[in-house]
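Reviewing the structure listed below.
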Amino acid sequence: MSASASRPRPLVAGNWKMNGLKAGLAEARAVIARLAEPGFATGADAMICPPATLLAELATLAKGTRLQVGGQDCHTAVSGANTGDISAQMLADAGVTAVIVGHSERRADHAESSALVRKKAEAALAAGLTPIICIGETAGERQAGLTLQVVRRQLEDSLPSASNPANTVVAYEPVWAIGTGQTPTATDVAEVHAAIRETLVKRLGPGASALRLLYGGSVKASNARELMGVANVDGALVGGASLKASDFLGIFAEAYAS
Ligand code: PGA
């Protein structure tokens, strides 16, 4: 099999974070409608990760369409006395197929370690969900020349032993690029994604070339083609530009027009 034949099918996942009331589902409906148009970005998969309050309703809307639905976080346990938390099994029960774990906002605001992130990813796998494991360096770490070291360590420590190329997604999100409008250069992204791929191949074997490796951090229509064209970039995790259907769809139109 040639290298290109094993290239993963791209995924563009929108992370709504703590944004979106019921009225916001109109944006998701518009995304579903556009994805249903013949020939529109047929080479890529699409996902929206709304706040927990909208998960079940969006999963119902998206059933049988091209739009997949993901959660933004899960607990490590299946059930129990964990006020305010949601288990991976509950997400699956709501119709969700994936869950983001280890987003830098969780790591920073909720002091989540890579060991905890790994346990969350394990819980996701056990519930039949695809964990989207986020890793990425801070501005200070990049300035200190520690980017590859930090990213490799986070990946090693966050990846469950049950992960394989088909059941797990990894997202590289430099913390300084999230919500700032700043992005690394294509060369910088290529360097980090190559290092991540190499680490995955060491852990999982040559089949790791089929694991989807997303880039995230200020992705929008105007930079999508360049960033999605970088070697080892198999899609995007999108925050701000996923909230409006026109912005989100613009990323597909630019990077994956078919
Ligand atoms: P952003 O967020 O696209 O708004 O930079 C990305 C993310 O946090 O996943």
### Query
Across every pair of different alpha-carbon atoms, what Kirkwood hydrodynamic radius in Å does segment 46-193 reach?
16.0
### Message
Need the full-extension length gain, ALA81 to ALA194, defined as separation in residues times 0.36 nm minus the C-alpha distance. One decimal, nm.
### Response
36.5 nm
#### Entry: For HIS75, residues with placed amide H under 5 Å, excluding near neighbours
ILE86, SER87, ALA88
### Query
Under 13 Å Cα-Cα from LYS244, which aspartates and glutamates qualify once same-chain neighbours fewer than 8 residues away are excluded?
GLU27
### Message
Based on Cα coordinates alone, diagonalise the gyration tensor for the chain, multiply each eigenvalue by 5, take square roots, and list the semi-axes in whole Å, largest first.
### Response
24, 23, 18
### Query
Whose amide H sits under 5 Å from the amide H of ASP45, counting only residues 5 or more places off or on another chain, with H placed in the peptide plane?
LEU11, VAL12
## Note on the structure
proj_area_mean for segment 191-248 (convex hull on C-alpha atoms), units nm², value 4.2
### Summary
For segment 1-145, the count of lysine pairs 8 or more apart or interchain whose alpha-carbon atoms are under 24 Å apart comes to 4
### Query
Between segment 94-146 and segment 18-52, what is the C-alpha centre distance in whole Å?
23
### Query
Do the sum for the chain: with -39,500 (n - 2.57) for every DSSP H run of n ≥ 4, divided by all residues, what is the mean residue ellipticity at 222 nm, to the nearest 500 deg cm²/dmol?
-12000 deg cm²/dmol
### Query
Which of GLY207, GLY80, GLY140 moves the most in a Gaussian network model of the chain with Cα springs under 10 Å?
GLY80
### Query
Got a number for carbon plus sulfur as a percent of segment 72-240's accessible area, 1.4 Å probe?
51
## Note on the structure
Answer in debye to the nearest 20: the dipole magnitude of segment 72-240 about its Cα centre, from +1 Lys/Arg and -1 Asp/Glu charges placed on Cβ, is 280
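The values are calculated or read from the model by the stated rules, or taken from the named source; none is laboratory data. A quick note: this is a predicted structure, and the numbers were derived from the prediction, not measured. Here Cβ is always computed from backbone atoms with ideal geometry, including for glycine, and neighbour counts include all displayed protein chains. Protein only, heavy atoms only, side chains kept; ligands, DNA and RNA dropped before computing areas. Shrake-Rupley method; radii C 1.70, N 1.55, O 1.52, S 1.80 Å.
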